[in-house]
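Please read the structure below before turning to the comments.
The values are calculated or read from the model by the stated rules, or taken from the named source; none is laboratory data. Given the structure is predicted, the values throughout are model-derived calculations rather than measurements. For neighbour counting, all protein chains shown are included, and Cβ atoms are generated from backbone atoms with ideal geometry for every residue, glycine included. SASA here: full protein model, heavy atoms, side chains in, ligands and nucleic acids out. Shrake-Rupley method; radii C 1.70, N 1.55, O 1.52, S 1.80 Å.
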Amino acid sequence: MLEKVDRYLQLMRELDLRLVKAVDTHLHADHITGLGALRDRTQCITVMGEQSQVDVMSMRLADGDKLRIEGVSMDVIYTPGHTDDSYSFLMQDRVFTGDTLMIRGTGRTDFQNGDPRAQYESLFGRLLRLPDETLVFPAHDYKGDTVSTIAEERVFNPRLQVKSADEYVALMNGLNLSNPKMMDVAVPANMRQGLHQDEVARRGWAYSAREALDLAGQPDVVLIDLRERSERERHGVIPGSLHAPYPDLRENINEGGILHGLAQTTGKQLIFYCAFGERSAMAVQAAQDAGITSARHIQGGIAGWKEAGGSTR
Ligand SMILES: [Fe+2]
């Protein structure tokens, strides 16, 4: 939640944690997300599903992907129904269920492309098939509970005591809930979470995808891909580019780092790119701060590159 960002940052300082990725399970209607603010204040990677209507995310996931953070890996499970961009994340003994499966409840399905039949499938076909003892952490709970288990919900969740998808659809369609108070404000605000890449462009640190097409392959530039291996495999790579994942950026651009050395010894211009231009925009700023004045990025990332007709391999 946007109004709690200070509190999250304080807690991370107290626990000596560094925020690497911030994930929204879906586009929220009942509060404004803190996702963009967390990125602006920590330079973390923002993550949502590929279906999400948000303007720009650093990284988008799909069903079957893994969400990785240094030694931690979560299985990405597409669980539509509450919204069409709802995801759950399974990490060993626990699952983060967003608003799909809540404690003694399930997320409403009557707006934002909600679909009770899809939710039935997400619940009974995906989440309830996890081992009984799996801990369930929903996105929120209006009564103050924080954790349950799959077995507990199967038995005591009143929404799950149905015998068929049709029965579930009838139950959900009969709820007649009023819209959340914040909805008219929250939904549009949550759809605009992208980093303001125009700020970086104004400083002259951005190339449009079209400009980058002409620069790629020239001897005095090096293209650097900041994405993760899974993204490279799925969406392709700009031919001839180097791979230097965003989480290692600081190490690479600081004095003694590979990219710092590369820029210094060869005098080549470093051009960062990523999926949609968000990580690369942050990387340009960081590289400039580290004294690499030639650093630039490709606005719009590899998505923009492809749109401009750029090839990948
Ligand atoms: Fe929600």
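What to note about this one:
- Filtered residues of region 274-293 (kept if of a type in the set (Val, Ile, Thr) and either closer than 14 Å to residue 248 by Cβ or open to solvent by 10 Å² or more (accessible area, probe 1.4 Å) (or both)): 293
Condition check ((1) of a type in the set (S, T, N, Q); (2) closer than 25 Å to residue 233 by Cα; (3) away from the ligand (no atom under 14 Å from the Cβ)) across all residues:
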| position | (1), (2), (3) |
| --- | --- |
| 27 | no, no, no |
| 65 | no, yes, yes |
| 70 | no, yes, yes |
| 75 | no, yes, yes |
| 79 | yes, yes, no |
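- Looking across region 83-137 at every residue that is within 15 Å of the ligand (Cβ to nearest atom) and among the small types (Gly, Ala, Ser), the one that is surrounded by the fewest Cβ atoms within 10 Å (Cβ to Cβ) is identified as 105.
- Filtered residues of region 41-66 (kept if aliphatic (A, V, I, L, M) and surrounded by 20 or more Cβ atoms within 10 Å (Cβ to Cβ)): 45, 47, 48, 54, 56, 57, 59, 61
- Test: residue in region 167-190 that is of a type in the set (Lys, Arg) and at pLDDT 95 or above: no
- Restricting 267, 257, 300 to those that are over 23 Å from the mean Cα position of the chain (by Cα) and open to solvent by 20 Å² or more (accessible area, probe 1.4 Å) reduces the list to 267.
- Considering the conditions (1) buried (at least 18 other Cβ atoms within 10 Å of the Cβ); (2) within 23 Å of residue 55 (Cβ to Cβ); (3) not aromatic (Phe, Trp, Tyr), residue 235 is excluded by exactly one of them, (1).
- When residue 34 is tested against the conditions (1) within 16 Å of the ligand (Cβ to nearest atom); (2) open to solvent by 10 Å² or more (accessible area, probe 1.4 Å), the lone failure is (2).
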